[in-house]
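Undergrad: Handing you a structure now.
The values are calculated or read from the model by the stated rules, or taken from the named source; none is laboratory data. Source: prediction; values computed, not measured. For neighbour counting, all protein chains shown are included, and Cβ atoms are generated from backbone atoms with ideal geometry for every residue, glycine included. Heads up: the accessible areas ignore ligands, DNA and RNA and are worked out on the full protein's heavy atoms, side chains in. Shrake-Rupley method; radii C 1.70, N 1.55, O 1.52, S 1.80 Å.
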Amino acid sequence: MTDTPSIVRRMPFPDSSSRAVVTPLQPSVVYSSDTPDALDAQYEGRAQGYTYAREGHPNADVLARKIDQLEGVTPQMGEGFITGSGMAAISAVMLGLCRAGDHVLGGDQLYGRSLRMMHEDLPALGITTSVADPTNADAFAAAMRPDTKLVLLEVVSNPTLRVADIEEIAKLCRDRGVLLVIDNTFTTPRGFRAFDFGADVVVHSVTKLLAGHSDVTLGYVAARTPQMRDAMLLKSVTWGLTPSPFDCWLAERGLYSFELRFDRAQDNAARLADALALHPKVEKVLYPGRTDHPDHNRVRALVGDNAGNMVSFILRGERAETNAFVGALDNVAFAPTLGDIGTTLSQPATSSHRALSVQDRLALGMPEGFFRISVGVEDAELLIAEFTKALDAV
Ligand SMILES: *Cc1c(COP(=O)(O)O)cnc(C)c1O
């Protein structure tokens, strides 16, 4: 026996009359209360406090309040919450706002996993789904049904970078009492403030540009009303879609430089797109900021000068040419993600769209030589030189 306090007991944090500048990381799963009355007060909403990390924790709330600022979410609206991934955010939307018998209409070029959820997982829950081309508001109107509960859209499609007719579709949703959910991952709130254009719910894969360093997977959901937010948050807590405190802490750290990174990457993207368009090995460049983009006028109305950091292009040739090009790109990661500080390159034929037949990919405008670039914050001249060298090697 010894009278040393047991090392099993936790020690109080040392007092300090000065304060830490950086947001503390709080990994605690549980929170203790002083009395049963105090716990009642918390559960009944008379006092603020945390109880169990799956139901909420401070690092998630700090991150959510910061993204709320970017999205223009006020306390009168449904303040945002964080989920363990972008797909968890979309799951919370579907579980919270739809029930068996409802119909969900999506854009036909949504993020691959979102499409998979629409085609396989929602029908298993009794929710019917279909997709339509969101660049064509008439086609979209025709695809709406009396039981349509919710429309899920991305502003800029992946990877062909077509721009949805959000203004017309938002009107349609308002007229018919259908909820409009915008996945704002690609455009980011720097480019597009979805609530200003009539969105009822905004979701993000925070994994991408917002966190920006390819070291966390997280999502975000906010709503026009507290009722909608509460319905989705409840499902997030019950289905365990909650994020890790450390991931939230990392993402908050990344978010401090989000606007700087976005502006720099977008500037680089515009310059790289113009340089690629001049190269003889390049058949076509798709960048919403270029005047030759098919939806260029819509781009101006929706995002103004913020055409984003994503550039797609078609390299002339087949597998021999694409192997030569990618093999000669020394410092650009050939990896199917986006929004990293560094430039990454992906090829739909071997990643996101590999399950499709060659014919189906061609019908979508994606031959073997179709590449998507997520432009990073490197020096623009260096980036252009690297791509030029790799194209010259083909
Ligand atoms: C990546 C992505 C998602 C999914 O996010 P995760 O964090 O990977 O789960 C959803 N939508 C879009 C547009 C994305 O790019």
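Undergrad: Quick one: is SER28 of a type outside the set (Phe, Trp, Tyr) and in the same structural domain as PRO146 (by TED's automatic domain parsing)?
TA: Values: of a type outside the set (Phe, Trp, Tyr): yes; in the same structural domain as PRO146 (by TED's automatic domain parsing): no.
It is false that SER28 is of a type outside the set (Phe, Trp, Tyr) and in the same structural domain as PRO146 (by TED's automatic domain parsing).
Undergrad: Answer yes or no as to whether GLY289 is of a type in the set (Gly, Ala, Ser) and away from the ligand (no atom under 15 Å from the Cβ). If you could, list the steps in order and put the result at the bottom.
TA: Details: of a type in the set (Gly, Ala, Ser): yes; away from the ligand (no atom under 15 Å from the Cβ): yes.
Yes: the conditions hold for GLY289.
Undergrad: Residues in the range 97-126 that are more than 16 Å from the ligand (Cβ to nearest atom) and surrounded by 22 or more Cβ atoms within 10 Å (Cβ to Cβ): how many?
TA: So the answer is 1.
Undergrad: Given the conditions (1) more than 25 Å from GLY212 (Cβ to Cβ); (2) open to solvent by less than 50 Å² (accessible area, probe 1.4 Å); (3) out of contact with any strand residue (DSSP E or B) (no Cβ under 8 Å at 6 or more places or on another chain), report the number of the one that PRO75 does not fulfil.
TA: Among (1) more than 25 Å from GLY212 (Cβ to Cβ); (2) open to solvent by less than 50 Å² (accessible area, probe 1.4 Å); (3) out of contact with any strand residue (DSSP E or B) (no Cβ under 8 Å at 6 or more places or on another chain), PRO75 violates only (2).
Undergrad: Which residue pairs have Cβ atoms under 8 Å apart, sit 6 or more places apart or on different chains, and have a first residue in the range 289-304 that is over 15 Å from ALA277 (Cα atoms) and in the same structural domain as VAL163 (by TED's automatic domain parsing) and a second that is of a type in the set (D, E, K, R) and open to solvent by less than 30 Å² (accessible area, probe 1.4 Å)?
TA: Final answer for the pair search is none.
Undergrad: Report, by residue number, each residue of the range 62-76 that is among the small types (Gly, Ala, Ser) and within 12 Å of ARG193 (Cβ to Cβ). I'd like the intermediate steps shown before the answer.
TA: Within the range 62-76, the subset among the small types (Gly, Ala, Ser) is 64, 72.
Result: GLY72, single match.
Undergrad: What are the pairs, 6+ residues apart or on separate chains, where a residue within the range 214-242 that is outside any helix (DSSP H, G or I) has its Cβ under 7 Å from a residue that is more than 16 Å from the ligand (Cβ to nearest atom) and among the β-branched types (Val, Ile, Thr)?
TA: Close Cβ pairs (under 7 Å, with a partner that is more than 16 Å from the ligand (Cβ to nearest atom) and among the β-branched types (Val, Ile, Thr)) amount to ALA222/VAL73.
Undergrad: For the range 193-206, which positions are surrounded by fewer than 24 Cβ atoms within 10 Å (Cβ to Cβ) and either over 16 Å from LEU172 (Cα atoms) or within 14 Å of the ligand (Cβ to nearest atom) (or both)?
TA: Once the filter is applied, which keeps residues that are surrounded by fewer than 24 Cβ atoms within 10 Å (Cβ to Cβ) and either over 16 Å from LEU172 (Cα atoms) or within 14 Å of the ligand (Cβ to nearest atom) (or both), the range 193-206 yields only ARG193.
Undergrad: Quick check on VAL285: is it open to solvent by less than 20 Å² (accessible area, probe 1.4 Å) and free of Cβ contacts under 8 Å to residues at least 40 places away in the same chain? Full working, then the answer.
TA: Working: open to solvent by less than 20 Å² (accessible area, probe 1.4 Å): yes; free of Cβ contacts under 8 Å to residues at least 40 places away in the same chain: yes.
Yes, satisfied.
Undergrad: Shifting gears a bit: Check VAL282, VAL332, VAL299 and return the single one that is away from the ligand (no atom under 16 Å from the Cβ) and within 22 Å of ALA211 (Cα to Cα).
TA: Working: VAL282 fails: within 22 Å of ALA211 (Cα to Cα); VAL299 fails: within 22 Å of ALA211 (Cα to Cα).
After applying the criteria, what remains is VAL332.
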